[in-house]
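Asks: Following this message is one structure expressed as structure tokens.
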Amino acid sequence: MASICVLGLGYVGLPTAALLAAAGHRVLGVDTDPRVLARLADGEPHIDEPGLATVVRAALQSGHLCPAARPEGADIFVIAVPTPLQRGEGLPRADLAAVRGAAESIVPVLRTGNLVLLESTSPPGTTRDVLVPVLERSGLRAERDLDVAYCPERVIPGNILKELLANVRIVGGLTPRAAERAAELYRTFVDGEIICTDAMTAELVKLMENTYRDVNIALANQLARMAEDLDVDAWRVIELANRHPRVHLHQPGPGVGGHCIGVDPWFLVEKLPEATRLLRVARELNDGVPQLVADWAVDLVRDVARPKIALLGLAYKGDVDDARESPAVRVRDLLVARVGAKVVTHDPHVGDHRDVAALHRCVDGAHLIVLLTPHTAYQHLDPADMAKLMARRVILDTRGCVNRAAWRAAGFRVVVLGGSPRPR
Ligand code: SAJ
């Protein structure tokens, strides 16, 4: 069993640290945010993720996981810090400050024979051109004295623990030896297959997975626009087309949220501006949907003097508590910016007003519901209950997830993104 220092205790680093500890390693979990450390000192994770609290509590109680503000010497270092998008003038770029910071923080404690793994999503070449030069400030040489590898996380929020154990893991070594050592470590807690490759290939694999999804979601959103113009139901088209053995159309929606799918394609555009035209078009298409939803909502209350619009859902996707980079938040902000409408939000997973009373307050007296996040709780809403509260019975379903017949039976006009003619 190894001594391991995990840098960054976020959505990926914390579950990874806890699972490494459960596998018997001695893990120092380092985070620069005192709030994260304070929660862990109380024995609790700061993240709401199924099953996480149990493994984190066990890891802390066993003494195998120790939270710390600073790294110490170890056999292995795992860097799992955020790589957000830097938006400014020109095209968005990866902000690698946290990767550099984490690497700098281990320079003083690096020793010959250490294995350093980068898990953060990064532009191609980051391991070799950004991480290694910082590590070499220790006086050690990457290929001779250290083993360095890029091992992307590939887990989906909402199912992180299961996917950390079960997913196929790609490990990209700067050298074959580094890849083999990384594989050896992941084998101690991953059940899925572990495949060795080089670092640049692993970086590109990670980015292409999310780009594949972004481009496919753009295609689904484009289909939704076509269907609205043709007065055809895109959701039915998808269902039927997906009966073809080689077709897997994605789902339209109010846009793409989260920290990965709307972000990662830019890491490729940044490096390869000429060879990424399709990626840019897909990004623009997906980024344009919140405006379309906001315009549609405004159109549906056009004839009301002081309309109230109830937005259901703030999280970026169903059954998660994460509202950062959420298209629902963008729709809210766009609607709030319009004068004259009262915009009220509810989310059973986000914020302080999660209960049924809050939902009722949100919908009470509303002229329109806009369903933005397909939380399970919303799929079980009783339309008859909602009908009693509302000033006018209209719902705009941007996720194609409500039972249209049931809502119609309760007296609602049901408008579905991709399934109803779009106003012009
Ligand atoms: N969405 C659609 N239509 C779809 C699928 C998703 O509009 O058909 C929207 C969602 O509502 C959400 C956004 O896209 O707003 C992204 O959600 P997601 O569930 O597709 O992905 P993330 O961001 O939660 O997690 C992704 C995953 N990548 C892939 O599935 C290829 C995950 O495995 C990665 O680990 C994660 O990004 C990451 O960290 O990179």
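The values are calculated or read from the model by the stated rules, or taken from the named source; none is laboratory data. The structure presented is a predicted model; accordingly, all values stated were derived computationally and were not measured. Methodologically, a virtual Cβ is constructed for each residue, glycine included, from the backbone with ideal geometry; neighbour enumeration extends over all protein chains shown. SASA here: full protein model, heavy atoms, side chains in, ligands and nucleic acids out. Shrake-Rupley method; radii C 1.70, N 1.55, O 1.52, S 1.80 Å.
Asks: Might you let me know whether segment 33-45 holds any residue that is modelled with pLDDT under 95 and on the phi > 0 side of the Ramachandran plot?
Replies: yes
Asks: Could you list all residues from segment 220-235 that are buried (at least 16 other Cβ atoms within 10 Å of the Cβ) and more than 20 Å from V402 (Cβ to Cβ)?
Replies: As a first pass, look at segment 220-235 and keep what is buried (at least 16 other Cβ atoms within 10 Å of the Cβ): 220-225, 227-228, 233-235.
If the condition is that a residue be buried (at least 16 other Cβ atoms within 10 Å of the Cβ) and more than 20 Å from V402 (Cβ to Cβ), then Q222, R225 are the ones that fit.
Asks: Right, here's the next one. Considering segment 87-101 alone, what residues qualify as being open to solvent by 10 Å² or more (accessible area, probe 1.4 Å), assigned to a helix (DSSP H, G or I) and touching a residue at least 24 places away in the same chain (Cβ under 8 Å)?
Replies: A98, R100, G101
Asks: Could you give every pair whose Cβ atoms fall below 9 Å, whose first residue belongs to segment 394-412 and is in contact (Cβ under 8 Å) with a residue 12 or more places away in the chain and on the phi > 0 side of the Ramachandran plot, and whose second residue is charged (D, E, K, R) and not in a helix (DSSP H, G or I), counting only separations of at least 6 or pairs across chains?
Replies: G400/D233; G411/R393
Asks: Which residues, counting only those in segment 347-376, are more than 19 Å from F412 (Cα to Cα), of a type in the set (A, V, I, L, M) and over 20 Å from the mean Cα position of the chain (by Cα)?
Replies: V356, A357, A358
Asks: Report yes if some residue within segment 283-294 is within 18 Å of M226 (Cα to Cα) and away from the ligand (no atom under 14 Å from the Cβ); otherwise report no.
Replies: Yes, segment 283-294 contains at least one residue that is within 18 Å of M226 (Cα to Cα) and away from the ligand (no atom under 14 Å from the Cβ).
Asks: Let me ask something else. Take D214 and tell me if it is touching a Ser or Thr at 6+ places or on another chain (Cβ under 9 Å) and either open to solvent by less than 40 Å² (accessible area, probe 1.4 Å) or farther than 17 Å from E325 by Cα (or both). Spell out how you get there, then give the answer.
Replies: Values: touching a Ser or Thr at 6+ places or on another chain (Cβ under 9 Å): no; either open to solvent by less than 40 Å² (accessible area, probe 1.4 Å) or farther than 17 Å from E325 by Cα (or both): yes.
It is false that D214 is touching a Ser or Thr at 6+ places or on another chain (Cβ under 9 Å) and either open to solvent by less than 40 Å² (accessible area, probe 1.4 Å) or farther than 17 Å from E325 by Cα (or both).
Asks: Same structure again: Do any helices (runs of 4 or more DSSP H) lying entirely in segment 355-424 carry at least 3 residues that are within 21 Å of D303 (Cβ to Cβ), and which ones are they?
Replies: Working: elements: 356-363, 376-379, 383-389, 404-409.
The qualifying helices (runs of 4 or more DSSP H) are 383-389.
Asks: If you don't mind, another one. Of all residues in segment 180-194, count the ones that are within 16 Å of the ligand (Cβ to nearest atom) and not in a loop (DSSP other than H, G, I, E, B).
Replies: Adding up the residues that qualify gives 1.
Asks: Which pairs have Cβ atoms under 7 Å, sit 6 or more apart or on different chains, and link a residue in segment 30-50 that is without any contact (Cβ under 8 Å) to a residue 40 or more places away in the chain to one that is open to solvent by 80 Å² or more (accessible area, probe 1.4 Å) and assigned to a helix (DSSP H, G or I)?
Replies: Between residues of segment 30-50 that are without any contact (Cβ under 8 Å) to a residue 40 or more places away in the chain and residues that are open to solvent by 80 Å² or more (accessible area, probe 1.4 Å) and assigned to a helix (DSSP H, G or I), the close pairs are G43/R57; P45/R39; H46/R35; H46/R39.
Asks: Test each condition in (1) β-branched (V, I, T); (2) more than 16 Å from the ligand (Cβ to nearest atom); (3) within 23 Å of the chain's Cα centre (by Cα) for T175 and report the one that comes out false.
Replies: Failed condition: (3).
Asks: Next up: Check segment 362-382 and report whether any residue there is open to solvent by 10 Å² or more (accessible area, probe 1.4 Å) and of a type in the set (S, T, Y).
Replies: Yes, because at least one residue in segment 362-382 is open to solvent by 10 Å² or more (accessible area, probe 1.4 Å) and of a type in the set (S, T, Y).
Asks: While we're on this one: Looking at segment 105-133 only, could you name the residues that are under 28 Å from the mean Cα position of the chain (by Cα) and free of Cβ contacts under 8 Å to residues at least 40 places away in the same chain?
Replies: L118, D129, V130
Asks: From the list R280, R243, which one is more than 16 Å from the ligand (Cβ to nearest atom), at pLDDT 95 or above and exposed (fewer than 12 other Cβ atoms within 10 Å of the Cβ)?
Replies: One residue alone meets the criteria, R243.
Asks: Out of all the residues in segment 134-154, which are of a type in the set (K, R) and either open to solvent by less than 40 Å² (accessible area, probe 1.4 Å) or touching a residue at least 12 places away in the same chain (Cβ under 8 Å) (or both)? Steps first, answer last, please.
Replies: Of the residues in segment 134-154, the ones of a type in the set (K, R) are 137, 141, 144, 154.
Within segment 134-154, R137, R154 qualify.
The rows are residues; the columns are (1) open to solvent by less than 10 Å² (accessible area, probe 1.4 Å); (2) in a helix (DSSP H, G or I).
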position	(1), (2)
V116	yes, no
V132	no, yes
P157	no, no
L164	yes, yes
A178	yes, yes
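Asks: Conditions: (1) in contact (Cβ under 8 Å) with a residue 12 or more places away in the chain; (2) surrounded by fewer than 23 Cβ atoms within 10 Å (Cβ to Cβ). E274 meets all but one. Number of the miss?
Replies: Evaluating E274 over (1) in contact (Cβ under 8 Å) with a residue 12 or more places away in the chain; (2) surrounded by fewer than 23 Cβ atoms within 10 Å (Cβ to Cβ) leaves (1) as the failure.
Asks: For the structure I just gave you, tell me whether D198 is on the phi > 0 side of the Ramachandran plot, open to solvent by 40 Å² or more (accessible area, probe 1.4 Å) and more than 14 Å from the ligand (Cβ to nearest atom). Steps first, please.
Replies: Details: on the phi > 0 side of the Ramachandran plot: no; open to solvent by 40 Å² or more (accessible area, probe 1.4 Å): yes; more than 14 Å from the ligand (Cβ to nearest atom): yes.
Criteria not met by D198.
Asks: From A275, A315, A310, grab the single residue that is closer than 23 Å to M386 by Cβ and more than 16 Å from the ligand (Cβ to nearest atom).
Replies: Working: A275 fails: closer than 23 Å to M386 by Cβ; A315 fails: more than 16 Å from the ligand (Cβ to nearest atom).
Being closer than 23 Å to M386 by Cβ and more than 16 Å from the ligand (Cβ to nearest atom) holds for just one of A275, A315, A310, which is A310.
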